[in-house]
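For reference, the structure discussed in these notes is given below.
A short reminder: the numbers here are calculations on the coordinates, not readings from a lab. Just so you know, these numbers come straight off a predicted model, no measurement behind them. As a convention, Cβ positions derive from the backbone with ideal geometry for all residues, glycine included, and neighbour counts pool all protein chains shown.
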Amino acid sequence: MPKPLVAANWKMHKTLRETEEYLRRLLALVGAEPPVELAVCPPFTALARAAELLAGTPIALGAQNGHPQREGAFTGEVSMYQLADLGVKYVICGHSERRRLFGEADAFVAEKVRAAWAYGLVPILCVGETLEERRAGRAWEVVERQLSAALGDGLSGPLVIAYEPVWAIGTGVPAHPQDAQAMARRIRAWLLARYGPLGEEVRIQYGGSVKPENAREFLGLPEIQGALVGGASLDPESFWRIALSASAPSP
């Protein structure tokens, strides 16, 4: 199994100056050989500068989104081809906010995953159910549908899956480690049943409001190999503490 991957999703935060300050502080903390793989996903406005600062370092560059078409009349979009040209390694596909706020359907997310592979990027495929879906007993049905749509044509390259329990983000309903472990186990079984040994190479991240205070509870789980971190990744010290939790031995 590859090293855990802990990725920072800054969402719509940070200017160029703030990006430079953050990355310099994080690089000072990380050193030359961090115990886990790290990635930072800045907003599009900061990607080029982040690429310069991270070149030759152990921190990978990620993007928060990407359009599947190589080029065309898609005002406001950035293509996977353009991201690859910048030196991006990882790209988030199908984040719950993209699905909910921007109406991204399963089929469109699948196009993104295929395009990411086509241009040598590693997709971080986000899957997860809402509170209503979980209460209706449809959690696995929803996640399986998302997986089947995105990966129905097979694994054409490296892949990371981020399980986001959407029902536990900003709802006041807490997620428990056993919830994350149960879903990650089902995802792993699904991958192995369809792709055999290749399914073992897919890292499964947890993406449900990870913080330094709860990171160890989730990142020490047998089927969790890292985290997709939102708000807690905006501070480099906080993000590094979470990353160290992923490297600690399981209890």
Once Lys and Arg are counted +1 and Asp and Glu -1 for all other residues with Cβ under 11 Å from that of Ile59, the total becomes 0
I want to check the label-to-label distance for Glu132 and Leu16. Put each point 7 Å from Cα in the C-beta direction and report it in nm to one decimal. 4.3 nm
For segment 48-56, Karplus couplings with θ = phi - 60° (6.51, -1.76, 1.60), whole Hz, Gly/Pro x: 5, 5, 4, 4, 5, 6, 8, 4, x
From the backbone phi of segment 226-240, what are the Karplus-calculated ³J(HN,Hα) couplings (6.51 cos²θ - 1.76 cosθ + 1.60, θ = phi - 60°) in whole Hz, Gly and Pro given as x? x, 8, 9, 9, x, x, 6, 8, 6, 10, x, 5, 4, 5, 5
Say a site is exposed when it is one of the GluC sites (Glu not before Pro), sits in a DSSP loop, and has at most 15 other Cβ atoms within 10 Å; what is then the longest site-free stretch of the chain? 78-212
Quote the charge dipole size of the chain about the Cα centre in Debye, to the nearest 20; the model charges only the Cβ of Lys and Arg (+1) and of Asp and Glu (-1). 140 debye
Computed FRET value (nearest 0.05) for Leu101 with Ala189, which takes r as the C-beta separation and R₀ as 25 Å: 0.20
Nonlocal amide H pairs with His67, under 5 Å, H built at 1.01 Å: Val78, Ser79, Met80
Starting from the Cα of Lys11, draw a straight line to each of the lysines and keep only those under 22 Å, dropping any in the same chain fewer than 8 residues away. Lys89, Lys112, Lys211
Please arrange Asp153, Asp179, Asp235 by how many other C-beta atoms lie within 10 Å of their C-beta, fewest to most. Asp153, Asp235, Asp179
Based only on the alpha carbon positions, what is the Kirkwood hydrodynamic radius of the chain, in angstrom? 18.1 Å
Could you work out [θ]222 nm for the chain from helices alone, using -39500 (n - 2.57) per DSSP H run of at least four and dividing by all its residues? Round to the nearest 500 deg cm²/dmol. -13000 deg cm²/dmol
For Arg203, which sequence-distant residues (separation of 5 or more, or a different chain) have an amide H within less than 5 Å of its own amide H, given hydrogens modelled in the peptide plane? Leu159, Ile161
The distance between the Cα centres of segment 106-134 and segment 186-222, in whole Å, is 15 Å
Would you please give the residues with an amide H less than 5 Å from that of Glu104, counting only those at least 5 places away or on a separate chain, with H modeled from the backbone geometry? Arg99
Which of the chymotrypsin sites (Phe, Trp or Tyr not before Pro) found in segment 1-76 are in a DSSP loop and have at most 14 neighbouring Cβ atoms, other than their own, within 10 Å? Phe74
